[in-house]
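Notes follow once the structure below has been shown.
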Amino acid sequence: RAKEMGGNNYQFYTAAMNERLGERMLIENALRTALERREFVLHYQPQVDIASGRIVGLEALIRWQHPELGMVAPNRFIPLAEETGLILPVGAWVLRTACEQLMAWRADGRRDLRVAVNVSARQMAEQDFVQSVADVLAATGVPPHCIELELTESQVMSDVEHAIAVMHELKKLGVQLAIDDFGTGYSSLAHLKRFEVDVLKIDQTFVRDLTVDPDDAAIVTTIIALAANLGLEVISEGVETREQLAFLRQHGCQQMQGYYFSRPLPAAALEAVLRDNDGLFGDLEHAGAERT
Ligand code: C2E
Ligand code: MG
Ligand code: MG
Ligand code: MG
């Protein structure tokens, strides 16, 4: 029948579409039971202060281990979870689990850690989102300033007035706020001025070719200067090489996150990293210095 309707191209197209639709339905169905089957786990990636080498924060990143599908990457299921609304219970689980983990680390003497949690647009649109955050803070006993909520630039820009109102309420709770993937979402400087955020996270797409692409270098140095002038913290994501580290440090970016320091790790593996070097990464101050 496909042939009648337009030849081989059409047939090929529908086959490919069916395959994608099939995968989508498979993932969607599996997603509905993933929480109750305890298939999610959080990994944590260190955020490092370059001057001291100290791990100052950890970004919680969700991982889904499905018995048949294997490890499903967030980029494959988070958008689907948003479309279906499943992100609401999943996001609540993420925040709760991150807070409980932070309390366990604090009980272990790691009292200076901060945990960053990604919040999706769909969560932020919920009437009771701010209340649900307050409830988790109260239930777990986490000091609010030790929790950082990451909102992407594009999610904030999709409904600026609402986002500004929610950010205001969140700041009243005392949590830290970061703009994730900064530089990719077209926020005007006039808007940025009204965002009650503490941190800008430079998107990794700009960091990747930083040392070879002058445009990326210009964008990154501009964001660093912007953050400094607005009195905001700035952190670079996706730092993978000594050269990137050296460039960022030279241009005044104090905080970094990326494979150069550590991949996202399960809590137990991260504890070993914290223990082995007492939460410090060695000699970052001089990393790449031989090139300057
Ligand atoms: P994101 O929040 O911007 O997280 C950074 C992503 O970059 C993570 O991918 C991280 O593993 C990866 N990454 C870290 N360092 C490097 C590096 O040096 N090089 C490269 N190439 N990549 C690096 P991941 O864990 O696959 O997550 C992808 C996205 O999925 C996240 O982007 C975030 O938008 C979303 N996500 C992850 N966990 C959650 C969650 O719990 N809730 C929500 N709503 N979204 C989440
Ligand atoms: Mg993030
Ligand atoms: Mg990001
Ligand atoms: Mg990103």
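The values are calculated or read from the model by the stated rules, or taken from the named source; none is laboratory data. Computed from a prediction, not measured in an experiment: that's the story for all the values here. Cβ sites come from the backbone with ideal geometry, for glycine too, and all protein chains shown count toward neighbours. Heavy atoms of the whole protein, side chains included, go into the accessibility calculation; ligands, DNA and RNA do not. Shrake-Rupley method; radii C 1.70, N 1.55, O 1.52, S 1.80 Å.
Laid out as a table, the results:
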{"item": "All positions within the range 206-239 that are in contact with a helix residue (DSSP H, G or I) (Cβ under 8 Å, 6 or more places away or on another chain) and not aliphatic (A, V, I, L, M)", "result": "F206, R208, D209, T211, D216, E233, S236, E237, G238"}
{"item": "Filtered residue count, the range 213-269, keeping only those that are within 30 Å of A104 (Cβ to Cβ) and not aliphatic (A, V, I, L, M)", "result": "16"}
{"item": "Total residues in the range 189-206, condition open to solvent by less than 50 Å² (accessible area, probe 1.4 Å), more than 11 Å from ligand 4 (Cβ to nearest atom) and either basic (K, R) or assigned to a loop (DSSP other than H, G, I, E, B) (or both)", "result": "3"}
{"item": "Sole residue being surrounded by 14 or more Cβ atoms within 10 Å (Cβ to Cβ), modelled with pLDDT under 95 and small (G, A, S), chosen from A287, A217, A272", "result": "A287"}
{"item": "Any chance G183 is at positive phi, in contact with a Leu (Cβ under 9 Å, 6 or more places away or on another chain) and crowded, with 19+ Cβ neighbours inside 10 Å", "result": "yes"}
{"item": "Test result for Q65, in contact with a Ser or Thr (Cβ under 8 Å, 6 or more places away or on another chain) and either at negative phi or not polar (S, T, N, Q) (or both)", "result": "no"}
{"item": "Selected residue (criterion: nearest to G183 (Cα to Cα)) from residues of the range 198-214 that are polar (S, T, N, Q) and without any contact (Cβ under 8 Å) to a residue 40 or more places away in the chain", "result": "T205"}
{"item": "Condition met for L102 (away from ligand 4 (no atom under 16 Å from the Cβ) and touching a strand residue (DSSP E or B) at 6+ places or on another chain (Cβ under 6 Å))", "result": "yes"}
{"item": "Scan of the range 67-99 for residues that are touching a strand residue (DSSP E or B) at 6+ places or on another chain (Cβ under 7 Å), modelled with pLDDT under 95 and open to solvent by 20 Å² or more (accessible area, probe 1.4 Å), ordered by number", "result": "M71"}
{"item": "Candidate set: the range 156-180, residues that are within 16 Å of ligand 4 (Cβ to nearest atom) and modelled with pLDDT under 95; chosen: the one surrounded by the most Cβ atoms within 10 Å (Cβ to Cβ)", "result": "V156"}
{"item": "Of all residues in the range 220-240 being in a loop (DSSP other than H, G, I, E, B) and touching a Leu at 6+ places or on another chain (Cβ under 9 Å), the one that is surrounded by the most Cβ atoms within 10 Å (Cβ to Cβ)", "result": "V239"}
{"item": "Any hit, the range 58-65, residues being modelled with pLDDT of 95 or more, open to solvent by 100 Å² or more (accessible area, probe 1.4 Å) and under 26 Å from the mean Cα position of the chain (by Cα)", "result": "no"}
{"item": "Qualifying residue in the range 207-215 (condition: more than 16 Å from ligand 4 (Cβ to nearest atom) and touching a strand residue (DSSP E or B) at 6+ places or on another chain (Cβ under 7 Å))", "result": "no"}
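Table: residues versus (1) out of contact with any helix residue (DSSP H, G or I) (no Cβ under 8 Å at 6 or more places or on another chain); (2) farther than 25 Å from L245 by Cα.
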position: A138; (1), (2): yes, yes
position: E161; (1), (2): yes, yes
position: L177; (1), (2): no, no
position: D198; (1), (2): yes, no
